[in-house]
Amino acid sequence: MIKKHYKSDFTIMAKLLKDDSGVPYPFTIKLRTLGSNNYIASWDGTTSINLLNNPISGDEYAVIKLDKHNLKVGVIHQETTFFISDEDWKNGIIYKTFAGATGYELVSTKDDIDGVDATWPIEYDINLIRGAAFTYDDFTAEQIATLQQPATDAAATADLATENANAAAEKIENMDFKIDNGDLIITI
């Protein structure tokens, strides 16, 4: 983990996600530490905010400049959203978001350690970006159980409803109905 004093200005490199022709997709990157507001860097395909470079074909990384960032002490986490054109999605755009730690920690001591800038996310699985179908191998057993839980709960609710309906039907079958002087008499 690279440590920087929380009042220091510095840069972080973020890997770009590109289309088939090598052009980077527009993106927004939110950086934060616990208790801090987001520090935002973005590129809309033309204009960049809080970047040292304006991503173009050939660039592998966006260089984020943290200048008067006001982030507090702690590990810097990122949330990167790429805006991918696709007419099959609402507004013609797929929003793909990646989140996690950056490899940087802001400290309040003199332990400011300069090193090679960390990059994140390291790699993107382009098959997932393009909407390739998931397979069971993409998930852990715990994730599969979590995905199946709503269906499992619904099946249990349906089984209970069926049992209750069958019990009610059996009670009705065992009842004796008579009309005596205009009164309905039910014997259980």
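For the reader, a short list of remarks on this structure follows.
- Pick from the range 48-76, criterion more than 22 Å from residue 18 (Cβ to Cβ) and within 23 Å of the chain's Cα centre (by Cα), ranking: modelled with the highest pLDDT: 71
- Candidates 156, 118, filtered to the one that is of a type in the set (A, V, I, L, M) and either modelled with pLDDT of 85 or more or not assigned by TED's automatic domain parsing to the domain that holds residue 11 (or both): 156
- Filtering the range 32-55 to residues that are under 16 Å from residue 82 (Cβ atoms) and aliphatic (A, V, I, L, M) leaves 40, 41, 49, 51.
- Within the range 27-41, the set of residues being buried (at least 19 other Cβ atoms within 10 Å of the Cβ) and over 16 Å from residue 68 (Cα atoms) comprises 27, 29.
- All conditions but one from (1) modelled with pLDDT of 85 or more; (2) part of a strand (DSSP E or B); (3) over 20 Å from residue 23 (Cα atoms) apply to residue 101; the one that does not is (1).
- Matching residues, the range 1-59, being closer than 20 Å to residue 102 by Cα, part of a strand (DSSP E or B) and of a type in the set (S, T, N, Q): 11, 28, 42
The values are calculated or read from the model by the stated rules, or taken from the named source; none is laboratory data. No experiment lies behind these values; they were computed from the predicted model shown. Reconstructed Cβ throughout: ideal geometry from the backbone, glycine too, with neighbour counts over all protein chains shown.
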